[in-house]
């Protein structure tokens, strides 16, 4: 007799999460709630971009924010103080990303009958968040100028799952070797359908375009 | 630590499979890991050792890794080529219209249980 018995499994470890995410998306559709998953490296300006974007949209649609971090609640407090909209903090307990189950637990703390758009600010990281479907309707990522134009080559999965790539910190462009056209080319090599929107969250330049893109997605989702 | 997160998902799925097959003890887990799955095998086995030993079901169980070579397909000239060596650009015709056929797997192939 063989010392071990082999049981065949043949299952992707992402399979359960993918199913869970698809279920969550369907539930959100029924409730008329649009979930945006916002990803980036740490320090690319996610929270500042959100504050600027929310300021342009909060009189037209009802918004809530979920901030995911390994620890602390500085981002949730900052969003609430700056915009006045409901904002909750999720702790991932050391995990480097959110999955559909964690997203669902977060949404349980949001009154979904009172919102049109929930923005999930994922953990700052370009690797793991791209692998785990959160149940969001659209994925957005922010790449900031100081990070370099070559990031789409180094983190291809992140760029291939995004519907929109926001290029932030355009105001510091003169101080860095960052070629916007080259960057767009790299992004489109990975993902020909990705929209690319250059902005400066600090001054607000370009944020109108991102806000308009987001509003259109939310309206389409609620209409369909 | 990306691999630690992955290990938690592996443990969850192995526990589920053990329950379904009424298994009390697992001695090995065989993974299919694609060459371009962003997982570093050494880190994965290190994280596995740390996390698996905290579970009665998995204490001492070995994580074995089967590497799946990454292959890309060219939509223009229909060539198949090694992704790690050539990336997104087809080495035969220079086209950028290519897609990954395999090599991003993170899959539990099988589990091994002691035969009693």
Item to complete: For a label point 7 Å from the Cα of residue A:78 along Cα→C-beta, name the residues of region A:149-172 whose backbone N is under 19 Å from it.
Response: A:166-172
Response to the item:
Per GNM of chain A with C-alpha springs under 10 angstrom, the most fluctuating residue out of A:14, A:159, A:132 is A:14
Item to complete: Could you rank the peptides A:18-28, A:194-204 by their average count of other C-beta atoms within 10 Å per residue, with the highest value first?
Response: A:194-204, A:18-28
Worksheet item: At 222 nm, what helix-only mean residue ellipticity would chain B give, in deg cm²/dmol to the nearest 500, using -39500 (n - 2.57) for each DSSP H run of four or more?
Response: -9500 deg cm²/dmol
Worksheet item: Any idea how far apart residue A:114 and residue A:216 come out in nm if each label point goes 7 Å out from Cα toward Cβ?
Response: 3.1
Worksheet item: So how far, in whole Å, is the C-alpha centre of region A:106-163 from the one of region B:23-71?
Response: 28
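Could you work out [θ]222 nm for chain A from helices alone, using -39500 (n - 2.57) per DSSP H run of at least four and dividing by all its residues? Round to the nearest 500 deg cm²/dmol. Present the calculation step by step, with values, prior to reporting the outcome.
On the way: 9 runs with 88 residues, N = 224.
Per the formula, -11500 deg cm²/dmol.
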Item to complete: Provide the convex hull volume over Cα atoms per residue for chain A, in Å³.
Response: 155
Worksheet item: Comparing A:108, A:69, A:208, which has the greatest mean-square fluctuation in the GNM of chain A with Cα pairs linked when under 10 Å apart?
Response: A:108
Worksheet item: When only Cα pairs under 8 Å and 6 or more residues apart are kept, what is the percent relative contact order across chain B?
Response: 34
Fill in: Inter-chain Cβ neighbour average for residues B:66-79, partner chain, 10 Å
0
Response to the item:
Here the gain from full extension of residue B:43 to residue B:57, 0.36 nm per residue of separation minus their alpha-carbon distance, amounts to 2.9 nm
Discussion item. Quick check on the exposure proxy: order A:175, A:186 from fewest to most C-beta atoms within 10 angstrom.
Written reply: A:175, A:186
Worksheet item: Distance in nm between label sites at residue A:196 and residue B:116, each 7 Å beyond Cα in the beta-carbon direction?
Response: 6.1
Fill in: Extension gain (nm, one decimal) between residue B:20 and residue B:85, 0.36 nm per residue minus Cα-Cα
19.3 nm
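Please rank B:21, A:188, B:78, A:97, fewest neighbouring Cβ atoms within 10 Å first, as an exposure proxy. Each step should come with its number before you reach the end.
On the way: B:21 13, A:188 16, B:78 10, A:97 20.
Lowest to highest Cβ neighbour count: B:78, B:21, A:188, A:97.
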Worksheet item: Given the options B:49, B:59, B:92, which has the most mean-square fluctuation in a GNM of chain B, springs set between C-alpha atoms less than 10 angstrom apart?
Response: B:92
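Rule-based calculations on the coordinates, nothing more; no lab input. All figures in this text were calculated on a predicted structure; none of them were measured in a lab. Cβ atoms come from the backbone with ideal geometry, glycine included; neighbour counts cover every protein chain shown.
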